[in-house]
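**Q** Sending over a structure as structure tokens; questions will come in a sec.
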Amino acid sequence: MLFLKLFLTFFEIGLFTFGGGYAMISLVRDKAVMLGWLTEQEVINLVAVSESTPGPIAVNMATFVGSTQGGILGSVCATLGIVLPSFIIILLISAVIKNFLKYKGVQAFLGGVRPCVVALICGTALTLFLSTLLGISTINSIITPDYIGLGIFAFLAVLGFVYKKIKGKKLSPIILIIISAIMGMAIYPFI
């Protein structure tokens with residue numbers, strides 16, 4: 001029963017989320033916390049780990065949640081659940097793609113979905129910022145800033161800005177992740 005629940009939960013997330021893995025983060029968070037599979041702090045850690053490991057973030061998150069709940073079989077069920085809707089939809093779309101985008105209804109649908117995707121990604125980013133760096137997880141939370149985290153965030157923002165001004169291109173996200181991980185490992189153990 002657990003394996004079916006994992007599959008169906010992540011199938012639902014995969015089926016009703018447009019915009020890729022980042023848009024899925026808020027749905028994975030909501031479902032995992034609501035079902036008691038993860039705590040808010042575990043979700044924050046999961047996003048960090050999923051972002052810094054190879055592969056799509058939503059697949060990494062589904063695999064981890066499935067693994068914590070049902071081991072290897074749980075991770076397979078959750079991963080299949082989140083990937084299968086996209087696979088089926090893309091398979092169907094690719095069969096008719098030449099004629100698909102010319103329809104006004106399809107263009108209207110995509111035009112309506114885009115703002116929702118942006119809102120989901122921005123909402124997730126804001127939620128992660130508030131909970132990770134300011135300690136705000138509910139409307140009644142007292143602000144408890146993580147000054148070291150804010151410092152690392154500010155340092156990376158300045159580094160990215162300076163690099164772009166000097167080199168004329170953005171600093172690789174991989175480099176930023178590595179720098180922040182090294183800074184975290186160097187600073188947090190001494191607190």
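The values are calculated or read from the model by the stated rules, or taken from the named source; none is laboratory data. The structure presented is a predicted model; accordingly, all values stated were derived computationally and were not measured. Don't worry about glycine lacking a Cβ; one is built from the backbone with ideal geometry, like all the others, and counts go over all protein chains shown.
**Q** Can you work out which of the residues in region 80-119 that are in contact with a Gly (Cβ under 7 Å, 6 or more places away or on another chain) and β-branched (Val, Ile, Thr) is nearest to Met61 (Cα to Cα)?
**A** Here the answer is Ile82.
**Q** Could you tell me whether Thr53 is among the hydroxyl-bearing types (Ser, Thr, Tyr), loosely packed, with under 15 Cβ neighbours inside 10 Å, in contact with a helix residue (DSSP H, G or I) (Cβ under 6 Å, 6 or more places away or on another chain) and modelled with pLDDT under 85?
**A** Working: among the hydroxyl-bearing types (Ser, Thr, Tyr): yes; loosely packed, with under 15 Cβ neighbours inside 10 Å: yes; in contact with a helix residue (DSSP H, G or I) (Cβ under 6 Å, 6 or more places away or on another chain): yes; modelled with pLDDT under 85: yes.
Spelling it out, Thr53 is indeed among the hydroxyl-bearing types (Ser, Thr, Tyr), loosely packed, with under 15 Cβ neighbours inside 10 Å, in contact with a helix residue (DSSP H, G or I) (Cβ under 6 Å, 6 or more places away or on another chain) and modelled with pLDDT under 85.
**Q** Mind listing whichever residues of region 128-169 are assigned to a helix (DSSP H, G or I), closer than 30 Å to Lys31 by Cβ and out of contact with any helix residue (DSSP H, G or I) (no Cβ under 7 Å at 6 or more places or on another chain)?
**A** Within region 128-169, Phe129, Leu130 qualify.
**Q** In region 100-121, what residues are under 18 Å from Tyr22 (Cβ atoms) and either surrounded by 11 or more Cβ atoms within 10 Å (Cβ to Cβ) or assigned by TED's automatic domain parsing to the domain that holds Gly14 (or both)?
**A** Passing the criteria: Leu110, Val113, Arg114, Cys116, Val117, Val118, Ala119, Leu120, Ile121.
**Q** Among the numbered criteria (1) under 30 Å from Lys31 (Cβ atoms); (2) loosely packed, with under 14 Cβ neighbours inside 10 Å; (3) at pLDDT 90 or above, which one does Pro85 miss?
**A** (2)
**Q** Starting from region 13-25, take each residue that is in a helix (DSSP H, G or I) and list its partners that are modelled with pLDDT of 75 or more and among the charged types (D, E, K, R), counting only C-beta distances under 9 angstrom and pairs at least six apart or across chains.
**A** What qualifies is Ile13/Lys31.
**Q** Follow-up question, since we're still on this one. Identify the residue in region 26-42 that is of a type in the set (Asp, Glu) and over 19 Å from Gly14 (Cα atoms) and, among all such residues, is surrounded by the most Cβ atoms within 10 Å (Cβ to Cβ). Even if it seems obvious, please write down each step before you answer.
**A** Taking region 26-42 first, the residues of a type in the set (Asp, Glu) are 30, 40, 42.
Subset that is over 19 Å from Gly14 (Cα atoms): 40, 42.
Numbers: Glu40: 14, Glu42: 16.
Among those that are of a type in the set (Asp, Glu) and over 19 Å from Gly14 (Cα atoms), it is Glu42.
**Q** Now a separate question. From the set of residues in region 147-191 that are among the hydroxyl-bearing types (Ser, Thr, Tyr) and surrounded by 12 or more Cβ atoms within 10 Å (Cβ to Cβ), which is modelled with the highest pLDDT?
**A** Of everything passing the filter in region 147-191, Tyr163 is modelled with the highest pLDDT.
**Q** Only one of Ile97, Ile72 is out of contact with any Cys (no Cβ under 7 Å at 6 or more places or on another chain), modelled with pLDDT of 90 or more, loosely packed, with under 11 Cβ neighbours inside 10 Å and part of a helix (DSSP H, G or I); which? Working first, answer last.
**A** Values: Ile97 fails: modelled with pLDDT of 90 or more.
Ile72 is the lone residue from the list that is out of contact with any Cys (no Cβ under 7 Å at 6 or more places or on another chain), modelled with pLDDT of 90 or more, loosely packed, with under 11 Cβ neighbours inside 10 Å and part of a helix (DSSP H, G or I).
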